[in-house]
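S.K.: This is the structure I have questions about; it appears just below.
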Amino acid sequence: MDPDNIAFQLWQIAAEPQRSERLFARMAQAGRFRMYDGSLLATVQAAMPADLLPYIQQEIWVVVLGVEAAQSYPAFQSLTNHCRPGKHATPDRAVACHDIAQTLIATSDSLLGELIGLRIALWTGMPQSEFDARRAALHSIPPSPWDEGQPRSCASIERFKAQVELRAREGEMGVRRAAAAAASQAQR
């Protein structure tokens, strides 16, 4: 149980929509949003045989990354269904959606969580220009150190492995922030 985590209540709303008003009030007070992006990856990584060929390890990591990303969709769908314009049953719901959006933007461990937070913020009053700038900034962060020209090269697989290890510890946004910092450092 993770009661100060919005994600916990999101799963409850998806399972029990009749309790949504009470849960939205609690979500608005929650201090963080964490889907534990990277936890499945860490589990698989720990069980990965050390003698498995690196390119096979890479294929397994790609599949696990996809599964991990897909796990959050039902919870996000319930949130966007309740916060979509015209769905604010009460003024309190609109305020709760705004507060939830701010928490998603500030604390999400996944790109999807942060982008959904931005969309809800736009629906609850964020200026379009601010939304566009923030979304563009998120999309400008390099997503992967994978070498697009030589994805199976030893160097590319080693960079990918390092990214997987970081993501297992820090989540997707930790990887993206590290990539942005490295890109910024390289420009100096």
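The values are calculated or read from the model by the stated rules, or taken from the named source; none is laboratory data. Here the structure is a predicted model, which is why all the values come from computation and not from measurement. Note: ideal-geometry Cβ built from the backbone for every residue, glycine included; neighbour counts use all protein chains shown. Surface areas here come from the heavy atoms of the whole protein model, side chains and all, with no ligands, DNA or RNA. Shrake-Rupley method; radii C 1.70, N 1.55, O 1.52, S 1.80 Å.
S.K.: Out of every Cα-Cα pair in the chain, what percent are more than 24 Å apart? Present the calculation step by step, with values, prior to reporting the outcome.
M.R.: Details: 7862 of 17578 pairs.
When all Cα pairs of the chain are counted, 45 percent exceed 24 Å.
S.K.: Shifting gears a bit: Please compute the volume of the convex hull spanned by the alpha-carbon atoms of region 91-188 and report it per residue in Å³.
M.R.: Details: hull volume 10.8 nm³, N = 98.
About 111 Å³ per residue, rounded to a whole number.
S.K.: Right, another one. Can you show me the helix-derived [θ] at 222 nm for the chain, built from DSSP H runs with n ≥ 4 at -39,500 (n - 2.57) apiece and divided by the number of residues, rounded to the nearest 500. Kindly include the intermediate steps, with their values, before the conclusion.
M.R.: Details: 9 runs with 134 residues, N = 188.
Theoretical 222 nm ellipticity from helices: -23500 deg cm²/dmol.
S.K.: Once you have the Cα-Cα distance between residue 165 and residue 81, take 0.36 nm times their residue separation minus that, and quote the gain in nm to one decimal. Walk me through the intermediate numbers first.
M.R.: Values: separation 84, 0.36 × 84 = 30.24 nm, distance 3.41 nm.
Value of the extension gain: 26.8 nm.
S.K.: Can I ask one more? Give the carbon-plus-sulfur fraction of the accessible surface of region 65-188 in %, rounded to a whole number; probe 1.4 Å, heavy atoms of protein chains only.
M.R.: Working: 3580 of 6450 Å².
So the carbon and sulfur contribution to the accessible surface is 55 percent.
S.K.: Can you give the FRET efficiency for residue 102 and residue 51, using 1/(1 + (r/R0)^6), R0 = 35 Å, r = Cβ-Cβ distance, to the nearest 0.05?
M.R.: On the way: r = 47 Å, r/R0 = 1.35.
That pair, residue 102 with residue 51, gives E of 0.15.
S.K.: By accessible area of protein heavy atoms, probe 1.4 Å, what ranking do 107, 80 get, highest first? Spell out each step's value before the answer.
M.R.: On the way: 107 50, 80 25 Å².
Listed by decreasing accessible area, they come as 107, 80.
S.K.: Follow-up question, since we're still on this one. So which cysteines in the chain don't have a second cysteine's C-beta under 4.7 Å from them?
M.R.: Singleton cysteines: 154.
S.K.: Turning to a different aspect of this structure: What does the extension gain come out to for residue 154 and residue 22, with contour length at 0.36 nm per residue minus their alpha carbon separation? Intermediate results must be reported in sequence, preceding the final value.
M.R.: On the way: separation 132, 0.36 × 132 = 47.52 nm, distance 5.22 nm.
Taking residue 154 through residue 22 to full extension adds about 42.3 nm, to one decimal.
S.K.: Using amide H atoms built 1.01 Å from N in the peptide plane, name the residues 5+ places from residue 32, or on other chains, whose amide H lies under 5 Å from its own.
M.R.: So residue 32 has HN proximity to 6.
S.K.: Heavy-atom accessible area per residue, the chain, 1.4 Å probe: how many Å²? Show your work: numbers first, answer last.
M.R.: Working: 9950 Å² over 188 residues.
I get 53 Å² per residue for this part.
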